[in-house]
Amino acid sequence: MKRLFFIIAIGIFAMATVTAQNADAVKKYEAAATKASKEAAVTAEKATMAAEKAEMAAKDEKKVTLREFHPTSENANKLVVLWTSGEADVAHRMVFMYTHYAQQQKMWDEITLIIWGPSSRLLAGDVSLQKKVLAMKKDGVIVKACIVCADMYGVSDKFREMGFEVKGMGQPLTNYIKQGYRVLTF
């Protein structure tokens, strides 16, 4: 019996030891899991903050880009009318009607009319349009013509005689856009 009692006692002791060891293991596991969870939360928070910071930087960069092409500057109230159409009706009822009226009413600080492409040929051959452009010029509209287009139609000298500035207009047009001028194309 003593032997049975001894075996039972050893069994109980072994079970108690295993249970205590299991409890310690569970506590260690819970502590490790809690620590890992906290570290993961910190890492996730850092990642979220980094993503928000990157998003804000991208928005700021976008704002800078927009400001470069659409600045609120001294040029924001200046208009460039790019006249390319070779149709007389468009010239009479759209381009000239608005451009001249806007100049007379001082809607813009400055208005520049650029004669480009087929409008060169149309203007050179239409006296009524020439009179309207000269009237706009007299009222303060700045008139320029693309020399490449005017040369193609053989009208550069005629435009110079009318007092228009005739020169390459690709770079000036690009500059107008980049400097914040408003550009209206017909």
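Bear in mind these aren't lab numbers, they're just calculated from the coordinates by the rules spelled out. Just so it is clear, the model here is predicted, and its values are computed rather than measured. As a convention, Cβ positions derive from the backbone with ideal geometry for all residues, glycine included, and neighbour counts pool all protein chains shown.
General observations
- Restricted to region 154-169, and to residues there that are in contact with a helix residue (DSSP H, G or I) (Cβ under 8 Å, 6 or more places away or on another chain) and assigned to a helix (DSSP H, G or I), the residue that is surrounded by the most Cβ atoms within 10 Å (Cβ to Cβ) is Phe159.
- Residue in region 145-153 that is under 17 Å from Asn175 (Cβ atoms), in contact with a Lys or Arg (Cβ under 7 Å, 6 or more places away or on another chain) and surrounded by fewer than 21 Cβ atoms within 10 Å (Cβ to Cβ) present: yes
- One residue stands out among those in region 107-150 that are in contact with a Gly (Cβ under 8 Å, 6 or more places away or on another chain) and outside any helix (DSSP H, G or I): the one that is farthest from Asn75 (Cα to Cα), which is Gly117.
- Selection of region 134-144 for residues being surrounded by fewer than 16 Cβ atoms within 10 Å (Cβ to Cβ) and touching a residue at least 12 places away in the same chain (Cβ under 8 Å) yields Leu134, Ala135, Asp139, Gly140.
- For region 70-94, the set of residues classified as surrounded by 17 or more Cβ atoms within 10 Å (Cβ to Cβ) and more than 20 Å from Pro172 (Cα to Cα) consists of Ala91 only.
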